[in-house]
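The block underneath contains the structure these notes are about, expressed in structure tokens.
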Amino acid sequence: MKILATYNIKGGVGKTATAVNLAYLAARNGYRVLLWDLDPQAAATFLFRVRPRVKGGGKGLIQGTRSLDAAIKGTDYDHLDLLPADFTYRNLDLLLDAARKPARKLGRLLGPLRSEYDVVFLDCPPSFSLLSESVLHAADTLLVPLIPTTLSVRTLDQLTEFIAGFDGQRPVILAFFSMIDRRKRLHKEIAEQLPGQRSDVAATAIPALSLIEQMSVRRAPVTAFAPRSSAARSYAQLWAEARARAGLS
Amino acid sequence: MRNALREFVLDGSGMPESDDYLVALGTRLRWQGDGRARTVRRAWLDTFDWRLYRAGLTLELTSARGAAELTLTGRDGAVVAAQPAGAAGSRPRWPALLAALPVGPLRERLAPVVGARALLPVARAGSTLHELRVLNSDDKTVARVTVDRMCLSYPARAALPPRLTVTALRGYQAQADRLADILAAARGVTDGASGALEAALAAAGRQPGDYTGKISIRLDPRSPAVTAVAAVLEQLLGTMEANVGGVVRDIDSEFLHDLRIAVRRTRSALKLAGDVLPDGLASRFRPEFKWLGDLTTPTRDLDVYLMGYDAMAAGLVAATPAELAPFHDYLARQRAAEHRQLARGLRSSRFSRLTSEWREALGSAAASRKTRPAAAQLAARRIRRAHRRVLDDGGAITATSAPESMHELRKRCKELRYLLEIFGSLYDPGEHWQAVRELKSLQDCLGEFQDTEVQRGEIRAFAAQMMDERTAPVSTLLAMGEIAAGLAERQRQARSEFAGRFRDFASPASQHRIRAMTEAAAS
């Protein structure tokens, strides 16, 4: 089982759209996929038309009184399941703080699902917290969407430095440019130059397209409702890069 | 991922050809279909003796658009294992032994159940599938409903009533159960829990598990012995005929095994109880069944060698398995030649005349008006006589007795065993099982002694023949020598165990069991 997490300290950079589309594409490839929506805003849960409710809430899952297994919902797509968000996830930091070895907690919770899923996507809320630290420890691969600005590149460097300080397993980082506006010169320049200069930045960039925004109206991955669109093609290219980086056959 | 299936059968009359099945059933659910039908070819696979069915498993091969998938399900319809049936061009051709399947969890799960038997199609069909999604108020799919219109092509041609399968999405079991309850109560819908395979076979007038190599006929203790013996013999003839095709096509080694057992049981019945049949019948047919038994022996002997070959090679200490390999090639060549002879014999007019004349003779025997003795009386007399002979012959064996005396005792034990099997249905199942178990323990010991004796002689003969043919390097002959030495050790071990096994068999409790069991049925 490979764990891939979409992570960025900033909100609105395309984390959920990436997690939802890549999870769908992985399931289409025949992998058994679970997406865990860790964001109390429940955007991924909404996109899959699942109700954002987990019996026992975040507390039940973190304290182990409820199993992850019982909270999982099948999506409308074969091989793709969802562990929904719940509004109580806003307290996950506090719950983790009270747990033993909080940074390793998510990895331990996912352990029993090892035989059931080939790929797990973790869709994280935008923050830098105990929860995100636990995600960074659990993940094999970090997918980091970047808005093409100098500041966001600096944030990536900070993240890389933070992970380098981990004991034991460290996730592989694959950053990629997201919400590219081709009309902006700076966007274009950074998105074209940086992948050639840094191995941790994907060659694929996800453009800012209204079709991607349509996902919240259609409540489905763009790769499912418009599989031949340029948006879907971009996600397919990104998935090919992420899949290779994650070591999935 | 989907789970928990419930199946229903629809009354096919008046069902629309579109996706409106649920509306036609009068349910008020929100549903959506993609309007397109999928067609798949399906085959259900099992061994000839239904080992998967008896183990509560169903193996289905589905093919659509060039891809083929094998799916193994349990009694509750849940998938136990699934895997692609191999790349196009390298897929197994059915019937196939397990080794022809791609390596994977499905093959691993099948191995202990299937053993040496081949998997063969027990039914083939084409299905047109319509898939509908049942939605909640968020337009989220909570269950899938598949309408399956199936046309059977094997073992007979037949169109089946549409089948409807409800599959819950994970986390939405309650909604799927509600839907299934609505469907179960709808007009024109019946429960289809017995599964598609059973429905397909029923349409062809068959049922799973309809073959067994065991004697399954139930005898009436008071019926005339002649009728009972004829009925058992007729079933044994059916077993022989059922296996001939598989032997000739060489599908797997167990067809020949079952055929041989049926022949041996027939010969024993003729020898030990044939006198109740009308005049001359037993003596007329005994030489023909001896011919048939002898015809099957060389191939079976070589099968036994080949099946035990890997264990034999793995047990070598001084020699290496590679050095023994020419022996395997030799056995395989001999077996191929012997099998050709066997197939010729089974296709001969002598064999077809034997079966047709035997069936006719049994028909006239069953119509005999002879009412005495009754089946249970005959069985009691013959079983007790055979039992007494085993006790006498076994009691006379000492540590210095010749191997021939052990061989003779083994024959007596076989006679008793076949009598117990032929008349088994007359007795209390628990007592009968115990009696057979005690006898079998003695038989296993005698069998090991005799088989190792014979195999040692045969290995010497094989080695001589291989030398004549110049197909055996010295290293192979030495490896065969090591195997012969191992057989001698096994034989010595069997001999040392004999006294203890016989003592158990001849114990007062065991003797009482045979007496009481046979008397109870005959009284």
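The values are calculated or read from the model by the stated rules, or taken from the named source; none is laboratory data. These figures come from a predicted structure and were not determined experimentally. All Cβ positions, glycine included, derive from the backbone under ideal geometry; neighbour counts span all protein chains shown.
Observations
- Residue check for B:Ala143: more than 14 Å from chain A (Cβ to nearest Cβ) and closer than 28 Å to B:Arg65 by Cα: no
- Selection from segment B:313-340 of residues that are without any contact (Cβ under 8 Å) to a residue 24 or more places away in the chain and over 26 Å from the mean Cα position of the chain (by Cα): B:Ala313, B:Ala314, B:Pro321, B:Ala322, B:His328, B:Arg333
- Screening the candidates B:Arg157, B:Arg163 for the property of being more than 14 Å from chain A (Cβ to nearest Cβ) and surrounded by fewer than 19 Cβ atoms within 10 Å (Cβ to Cβ) yields one hit, B:Arg157.
Rundown of residues vs (1) within 14 Å of another protein chain (Cβ to nearest Cβ); (2) small (Gly, Ala, Ser); (3) crowded, with 19+ Cβ neighbours inside 10 Å, yes/no style:
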{"residue": "A:Leu95", "(1), (2), (3)": "no, no, yes"}
{"residue": "A:Tyr117", "(1), (2), (3)": "yes, no, yes"}
{"residue": "A:Val120", "(1), (2), (3)": "yes, no, yes"}
{"residue": "A:Asp123", "(1), (2), (3)": "no, no, yes"}
{"residue": "A:Ser127", "(1), (2), (3)": "no, yes, no"}
{"residue": "A:Leu142", "(1), (2), (3)": "no, no, yes"}
{"residue": "A:Pro148", "(1), (2), (3)": "no, no, yes"}
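- Those residues of segment B:167-192 which are closer than 14 Å to B:Val147 by Cβ and within 14 Å of chain A (Cβ to nearest Cβ), in sequence order: B:Thr167
- Residue count for segment B:489-523, restricted to those that are of a type outside the set (D, E, K, R), exposed (fewer than 13 other Cβ atoms within 10 Å of the Cβ) and over 19 Å from B:Leu391 (Cα atoms): 1.
- Some residue of segment A:95-108 being of a type in the set (A, V, I, L, M, F, W, C) and touching a residue at least 40 places away in the same chain (Cβ under 8 Å): no
- Considered as a group, the residues in segment A:48-77 that are assigned to a helix (DSSP H, G or I) and within 11 Å of chain B (Cβ to nearest Cβ) include one that is surrounded by the most Cβ atoms within 10 Å (Cβ to Cβ), and that residue is A:Ala71.
- Unmet requirement for A:Thr223, which otherwise passes all of (1) more than 17 Å from A:Ala17 (Cβ to Cβ); (2) in a helix (DSSP H, G or I); (3) under 18 Å from the mean Cα position of the chain (by Cα): (1)
- In segment A:226-236, residue surrounded by the fewest Cβ atoms within 10 Å (Cβ to Cβ) [restricted to those that are within 18 Å of the chain's Cα centre (by Cα) and farther than 13 Å from A:Ser178 by Cα]: A:Ala236
- Some residue of segment B:510-517 being over 24 Å from B:Ser268 (Cβ atoms), under 31 Å from the mean Cα position of the chain (by Cα), among the β-branched types (Val, Ile, Thr) and in a helix (DSSP H, G or I): no
- Residue, nearest to B:Leu233 (Cα to Cα), within segment B:344-356, restricted to residues that are free of Cβ contacts under 8 Å to residues at least 24 places away in the same chain and part of a helix (DSSP H, G or I): B:Ser356
- The residue that is surrounded by the fewest Cβ atoms within 10 Å (Cβ to Cβ), counting only those in segment B:80-102 that are more than 23 Å from the chain's Cα centre (by Cα) and assigned to a loop (DSSP other than H, G, I, E, B), is B:Gly89.
- Contact annotation: residue pairs with Cβ atoms under 6 Å, 6 or more positions apart or on different chains, pairing a residue in segment B:399-425 that is in a helix (DSSP H, G or I) with a partner that is basic (Lys, Arg), are B:Arg412/B:Arg389; B:Tyr418/B:Arg265; B:Leu419/B:Arg382; B:Ser425/B:Arg218.
- Of all residues in segment A:159-207 being within 19 Å of the chain's Cα centre (by Cα) and in a helix (DSSP H, G or I), the one that is surrounded by the most Cβ atoms within 10 Å (Cβ to Cβ): A:Leu159
- Within segment B:61-79, the residues that satisfy the criterion of being modelled with pLDDT of 85 or more and either surrounded by 14 or more Cβ atoms within 10 Å (Cβ to Cβ) or within 22 Å of the chain's Cα centre (by Cα) (or both) are B:Leu61, B:Thr62, B:Ser63, B:Ala64, B:Ala68, B:Glu69, B:Leu70, B:Thr71, B:Leu72, B:Thr73, B:Gly74.
- Scanning segment A:97-115 for residues that are at pLDDT below 90, within 14 Å of another protein chain (Cβ to nearest Cβ) and buried (at least 19 other Cβ atoms within 10 Å of the Cβ) yields nothing.
- Filtering segment A:13-47 to residues that are assigned to a loop (DSSP other than H, G, I, E, B) and either more than 12 Å from chain B (Cβ to nearest Cβ) or crowded, with 24+ Cβ neighbours inside 10 Å (or both) leaves A:Val13, A:Gly14, A:Asn29, A:Leu38, A:Asp39, A:Pro40, A:Gln41, A:Ala42.
- Single residue of B:Thr47, B:Thr39 found to be buried (at least 18 other Cβ atoms within 10 Å of the Cβ) and β-branched (Val, Ile, Thr): B:Thr47
- Screening B:Leu197, B:Leu179, B:Leu201 for residues that are crowded, with 19+ Cβ neighbours inside 10 Å, within 27 Å of B:Thr58 (Cβ to Cβ), more than 24 Å from the chain's Cα centre (by Cα) and modelled with pLDDT under 95 leaves exactly one candidate, B:Leu179.
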